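Participant: Sending over a structure as structure tokens; questions will come in a sec.
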Amino acid sequence: MDAEKNVKQKERRPGQRNAAAPNSGRPTDDRQKRPAKPTAPSASARNPKPAAVRETAAPTAPDRPLIARTGERPAERVPIILESLGAGDFHLIDSGNGLKLEQYGPYRIVRPEGQALWQPSLPVQAWENVDAVFTGDTDEEGTGRWRFPKAALGETWPLHLLGVDFHGRFTSFRHVGVFPEQIVHWTWMKDQVEKAGRPLKVLNLFGYTGVASLVAAAAGAEVTHVDASKKAIGWTRENQALGRMEKLPIRWICEDAMKFILREERRGSTYDIILTDPPKFGRGPNGEVWHLFEHLPLMLDICREILSPKALGLVLTAYSIRASFYSIHELMRETMRGRGGAVESGELVIREAGLDGKTPGKALSTSLFSRWVPK
């Protein structure tokens, strides 16, 4: 695997231009340089995720070809903009000049954001009155450190979102243990589970620290959470314990995502809702190599096969890729030929909410998404 970039960049204030990668809509910890072309379409579960939590080995051989789909393509609803103004202990305060100012519980945080091309709305004083600032390499793969202007802070702190408790975490890859732009998908999933009138099975692929899994389980679903990172799985268990949710029906699976769903297909296992949030590039625990553009078609193809006959949704998000949402939209429609329903695709955005968390401002685009629903 290519070495991670480790070039430090100077810290920026809101009046200065930040040199974040132009395509860094929503970074994740394992967004690494493109490795050598793999010999197999295997996928890592989302490695959020510093190199220290990844292991390498030879990739495996392909397990099955794509299935030739026939029948009508699902109806389409495009473009869809799913917007969040924040929820629970999170909201986006302001953004601009390649930075974003966020509130996570008691802490006000500044992090790089390459898509914030405009000027900040709030004065410099608001950006200086913060608890934590991420400094260092602002590129997708870059590592760095946190500066704490007021007082030294611990690595973790408690947060609450959509009825569940979990740990915020200052990681060396600028992330804080949760990706709040997913609030809109989690809210949709929570609503589906609560109103279904029957037990639902939810599969969360590339599940990271498990907030979505906890939300689904708290709503009444039986959840299977898959991630290739042992460290991330450890975080999920910490989050489960913090929320006193140990008795909820959640399976925590540390495994390559593609290997897991192929095995589920062979077993005839099915799920009512599948969330999949793959990285652009990644590696599984045994060196399985994932390239989004090369392996996404097979992953979605398998996910279709393990959707239950009464499934309520297949949700895909894609970050930091040079593509239109139409690319994953058309792929989803082709994958779901003959299944009926509709495919709705577009972007996830977070709306600035000001210092008070209630004053709408500019919308910050975070990712592309495509979602199949049965009607």
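Participant: Towards the positive end of the charge dipole of segment 51-373, with charges on Cβ (+1 Lys, Arg; -1 Asp, Glu), say which of Y326, A116, L312 has the farthest Cα.
Facilitator: L312
Participant: Related question: Report the local net charge at V215: Lys and Arg +1, Asp and Glu -1, summed over other residues whose C-beta lies under 13 Å from its C-beta.
Facilitator: That sum, taken over residues with Cβ under 13 Å, equals -2.
Participant: Using +1 at the Cβ of each Lys and Arg and -1 at the Cβ of each Asp and Glu in segment 51-373, identify which of I273, A232, S84 lies farthest towards the dipole's positive end.
Facilitator: The residue sitting farthest along the positive end of the dipole is I273.
Participant: Kindly provide the trypsin sites (Lys or Arg not before Pro) of segment 166-265 that DSSP labels as loop, not H, G, I, E or B, and whose Cβ sees at most 16 other Cβ atoms within 10 Å.
Facilitator: Here the trypsin sites (Lys or Arg not before Pro) that fit, given the DSSP loop and packing criteria, are R244, K247.
Participant: Then there's this: For the cross-link pairs K230/K280; K195/K280; K195/K375; K259/K310; K280/K375, which exceed 26 Å when the distance is taken from alpha carbon to alpha carbon?
Facilitator: K195/K280; K280/K375
Participant: Taking amide H atoms as placed 1.01 Å from N in the peptide plane, list the residues 5 or more away in sequence, or in a different chain, whose amide H sits under 5 Å from that of L200.
Facilitator: Under 5 Å from the amide H of L200 lie the amide H atoms of E222, each far enough along the sequence or on another chain.
Participant: Continuing with this model, one more query. I'd like the per residue volume of the convex hull spanned by the Cα atoms of segment 51-373, given in cubic angstrom.
Facilitator: It is 132 Å³ per residue.
None of the figures in this text is laboratory data; all of them are computed from the coordinates on show. Owing to the predicted nature of the structure, the values given are computational and were not obtained by experimental measurement. Every residue, glycine among them, receives a Cβ derived from its backbone with ideal geometry; neighbour counts consider all protein chains shown.
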